[in-house]
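Okay, structure first, notes after.
The values are calculated or read from the model by the stated rules, or taken from the named source; none is laboratory data. Computed from a prediction, not measured in an experiment: that's the story for all the values here. Note: ideal-geometry Cβ built from the backbone for every residue, glycine included; neighbour counts use all protein chains shown.
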Amino acid sequence: MKLFRIVLCFALFAAMGAAFGQTKAGDVVVDVPFAFSVAGQNLPAGHYIVASAGTDLIRIFSSHTRGVFLPTHSGMRSKSDGSKLVFHRYGDTYFLSSVWITGNTVGKELFRSSAERELEAHRTEMELAVVRPAK
């Protein structure tokens with residue numbers, strides 16, 4: 001019986017690991033060249049997967065992080081110009097702002113964090129930074 005439990009646990013962990021490493025259609029896989037903030041958490045520069053986790057929820061994760069689940073709202077654009085992550089940049093500080101998927105004119109926009117709203121209130125100049133998946 002003990003051997004059965006060990007084998008069962010091993011199989012479950014192997015399946016979870018395989019599922020974690022897989023991407024599916026609609027996921028955005030990008031190399032973000034700078035550290036950024038999302039939902040009050042600071043994430044380092046690196047390789048990330050952004051996946052839909054429901055109608056108004058996305059998950060951003062990497063091989064080094066379990067991931068962050070983020071509430072979103074719908075955003076519109078006039079035409080699809082490919083998959084991309086859009087960041088708001090204030091000086092050297094980046095905030096993930098929206099996620100767009102190739103073929104869609106509706107994207108996922110994130111709510112601004114209190115840190116971003118504070119920078120905005122101090123009239124700090126904001127620029128956009130766009131990161132696209134590698135081809």
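Odds and ends about this structure:
- Search result, residues across region 57-89 that are in a loop (DSSP other than H, G, I, E, B) and touching a residue at least 24 places away in the same chain (Cβ under 8 Å): S63, R77, S78, K79, S80, G82, S83
- Being surrounded by fewer than 17 Cβ atoms within 10 Å (Cβ to Cβ), in contact (Cβ under 8 Å) with a residue 60 or more places away in the chain and either under 21 Å from K24 (Cβ atoms) or among the charged types (D, E, K, R) (or both) is a property that holds for A134.
- Condition check for E118: of a type in the set (D, E, K, R) and assigned to a loop (DSSP other than H, G, I, E, B): no
- Filtering region 31-47 for residues that are touching a helix residue (DSSP H, G or I) at 6+ places or on another chain (Cβ under 8 Å), farther than 17 Å from E109 by Cα and touching a residue at least 12 places away in the same chain (Cβ under 8 Å) leaves an empty set.
- Meets criteria (in contact with a strand residue (DSSP E or B) (Cβ under 6 Å, 6 or more places away or on another chain), over 18 Å from A134 (Cα atoms) and exposed (fewer than 14 other Cβ atoms within 10 Å of the Cβ)) for H47: no
- Residue count for region 123-135, restricted to those that are in a loop (DSSP other than H, G, I, E, B) and touching a Phe, Trp or Tyr at 6+ places or on another chain (Cβ under 9 Å): 3
- The one condition from (1) over 11 Å from the mean Cα position of the chain (by Cα); (2) modelled with pLDDT of 90 or more; (3) under 16 Å from I49 (Cα atoms) that K84 does not meet is (1).
- Of the criteria (1) in a strand (DSSP E or B); (2) under 19 Å from A115 (Cβ atoms), which one F34 fails: (1)
- Residue match in region 103-112 (condition: of a type in the set (D, E) and exposed (fewer than 13 other Cβ atoms within 10 Å of the Cβ)): no
- Hits in region 55-75 - residues which are surrounded by fewer than 19 Cβ atoms within 10 Å (Cβ to Cβ) and either among the basic types (K, R) or at pLDDT 90 or above (or both): D56, L57, R59, F61, S62, R66, V68, F69, P71, H73, S74, G75
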